[in-house]
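Please treat every number below as a calculation from the coordinates, not as lab data. Predicted, not measured: the structure shown is a model, and the values here were computed from it. No Cβ is skipped: glycine too gets one built from the backbone with ideal geometry, and neighbour counts run over all protein chains shown.
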Ligand SMILES: [Zn+2]
């Protein structure tokens with residue numbers, strides 16, 4: 001029970017901490033940052049030497065630096081090898097309730113060569129649960145609500161939300177989907193949480209009449225929700241908004257508001273913006289809440305697109321037009337003069353969008369810079385897609401290498417990426 005009270009405490013805190021103007025938010029962030037940096041320099045060996053320094057004096061780190069210095073960065077004395085073997089063992093057994101020295105250890109769902117580990121304490125889990133509930137529960141914490149959560153691993157990070165009047169059912173995406181759908185039909189959940197690839201499978205089942213569900217809210221997590229998929233989900237599921245949580249191992253970065261627009265969660269994460277052009281930026285994040293594994297000036301390799309227009313919902317947190325994708329997924333082509341030119345995923349996506357009605361596709365730039373389009377489309381559509389690529393190459397002035405077409409394949413254990421550069 002005490003844990004539920006703790007979650008409730010954070011729920012109330014986040015629900016009712018409002019920021020009327022930017023000065024108030026700035027003041028709040030400054031106070032939080034000061035406290036966080038004091039804690040980190042006190043408890044983390046890696047940050048010890050930055051005692052008394054301002055945030056801008058701290059080093060900018062990335063996943064590699066985080067993993068290479070895992071032992072000295074974390075404040076709970078957990079060793080990387082030990083954490084890694086513990087996490088892999090839990091994943092193998094698909095048993096996620098055990099903890100290492102009282103700490104939840106998880107693997108981030110990155111590709112195998114860049115596996116990350118994350119550590120979360122119970123107190124942090126309660127905070128996370130309180131935050132998510134504050135952001136998404138349609139009727140508040142005291143009303144009954146059933147949440148269906150589809151994910152690849154039942155980390156006990158998520159079971160936490162399933163207490164009291166809030167019913168929380170977990171669906172393992174590795175299990176038979178038809179079996180999952182049968183359970184989902186019986187449950188009739190108010191809220192469905194899943195990654196876009198699974199939401200698309202759910203929508204297909206609804207369209208075919210295999211699923212009869214009427215969720216009040218659908219929340220997309222873990223992968224980037226492409227605008228086109230979003231439109232499709234809205235149409236099939238009969239919703240005005242598909243909500244999104246843009247969350248990575250490093251923190252819960254952005255959530256949608258009542259208007260359906262994504263806002264950075266600037267009350268829990270401090271974000272420095274490394275601009276690539278007028279509106280695109282790479283976020284460097286400092287988590288204002290995490291203690292066991294501090295996240296200080298961590299550079300993500302995602303590209304976010306800022307929306308300069310204020311949002312009608314009244315939130316003053318930075319609104320985003322979209323999460324464009326990973327920085328690694330920017331296609332690189334050669335110009336006639338031999339220089340390289342980056343082409344953002346959005347431009348690549350539009351080659352499909354403008355060609356015609358293509359729902360399932362993936363576009364991969366291979367190591368030799370040629371392009372493979374995975375889609376079940378006929379010759380006519382193929383030539384239209386090719387023409388769009390040709391047009392793009394003329395507009396942007398790059399040399400278009402070979403474009404190949406293959407039938408659509410997607411491994412559901414992996415993250416769905418519509419646009420991807422092979423590294
Ligand atoms: Zn808004």
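Out of all DSSP beta bridges in the chain, what portion is antiparallel? Express it as a percent rounded to 5. Working shown, then result.
Values: 39 of 63 bridges.
For the chain, the DSSP antiparallel bridge percentage is about 60.
Full-extension gain between residue 21 and residue 143, please, as 0.36 nm times their residue separation minus the C-alpha to C-alpha distance.
Working: separation 122, 0.36 × 122 = 43.92 nm, distance 3.06 nm.
Going from the current span to full extension adds 40.9 nm.
So which residue, out of 339, 265, 180, gets the largest mean-square fluctuation from a GNM of the chain using Cα contacts under 10 Å as springs?
339
Which one of 49, 15, 32 has the biggest mean-square fluctuation once the chain is modelled by GNM with Cα springs under 10 Å?
Taking springs between Cα atoms under 10 Å, the residue moving most is 49.
I need the calculated FRET efficiency for the pair residue 79 and residue 387, taking r as the beta carbon distance and R₀ as 45 Å, to the nearest 0.05. Before the final figure, lay out the partial values.
Working: r = 55 Å, r/R0 = 1.23.
In this case the efficiency is close to 0.20.
Under the 0.36 nm per residue contour assumption, what length would be gained going from the current alpha-carbon distance of residue 68 and residue 407 to full extension? Don't jump to the answer; show the numbers that get you there.
Working: separation 339, 0.36 × 339 = 122.04 nm, distance 3.95 nm.
Length gained, residue 68 through residue 407: 118.1 nm.
Want the number for residue 95 to residue 169: 0.36 nm per residue separation, take away the alpha-carbon distance, what's left? Numbers along the way, then the final one.
Working: separation 74, 0.36 × 74 = 26.64 nm, distance 1.60 nm.
Taking residue 95 through residue 169 to full extension adds about 25.0 nm, to one decimal.
If you take the C-alpha gyration tensor of the stretch 122-326, multiply each eigenvalue by 5 and take the square root, what semi-axes do you get, largest first, in whole Å? List each step's numbers first, then the result.
Details: eigenvalues 158, 82, 50 Å².
For the stretch 122-326, the ellipsoid semi-axes come out as 28, 20, 16 Å.
Scale the Cα Rg of the stretch 327-375 by the rule-of-thumb value 2.2 N^0.38 Å and send over the ratio, two decimals.
On the way: Rg = 11.8 Å, N = 49, 2.2 N^0.38 = 9.7 Å.
Against the compact-globule rule of thumb, the ratio is 1.22.
To two decimal places, what compactness ratio does the chain give when its Cα radius of gyration is scaled by 2.2 N^0.38 Å?
Values: Rg = 22.1 Å, N = 423, 2.2 N^0.38 = 21.9 Å.
Working it through for the chain, the quotient is 1.01.
Fewest to most neighbouring Cβ within 10 Å: what's the order for 12, 233? Display every interim value, and only then the final one.
Working: 12 13, 233 21.
So the residues, fewest neighbours to most, are 12, 233.
When a/c is below 1.5 the answer is rounded, else prolate if a/b is larger than b/c, else oblate, so apply that to the stretch 250-327 with a ≥ b ≥ c taken from the square roots of the Cα gyration tensor eigenvalues.
Note, shape of the stretch 250-327 comes out oblate.
When 346, 23 are ordered from fewest to most other Cβ atoms inside 10 Å of their Cβ, what list results? Before the final figure, lay out each step's value.
Details: 346 18, 23 10.
By the 10 Å Cβ count, ascending: 23, 346.
Hey, any idea what the orientation-averaged projected area of the convex hull of the stretch 35-120's Cα atoms comes to, in nm²? Each step should come with its number before you reach the end.
Numbers: hull surface 24.6 nm².
It is 6.2 nm².
Extending each Cα 7 Å along its Cβ direction at residue 399 and residue 309, get the distance between those two points in nm, one decimal.
That separation, rounded to one decimal, is 4.2 nm.
Among 278, 169, 307, which one moves the most in a GNM of the chain with springs linking Cα atoms closer than 10 Å?
Of 278, 169, 307, the Gaussian network model singles out 278 as fluctuating most.
I'd like the FRET efficiency for residue 57 and residue 176, computed as 1/(1 + (r/R0)^6) with the beta carbon distance as r and R0 of 56 Å, rounded to 0.05.
Details: r = 53 Å, r/R0 = 0.95.
About 0.60, to the nearest 0.05.
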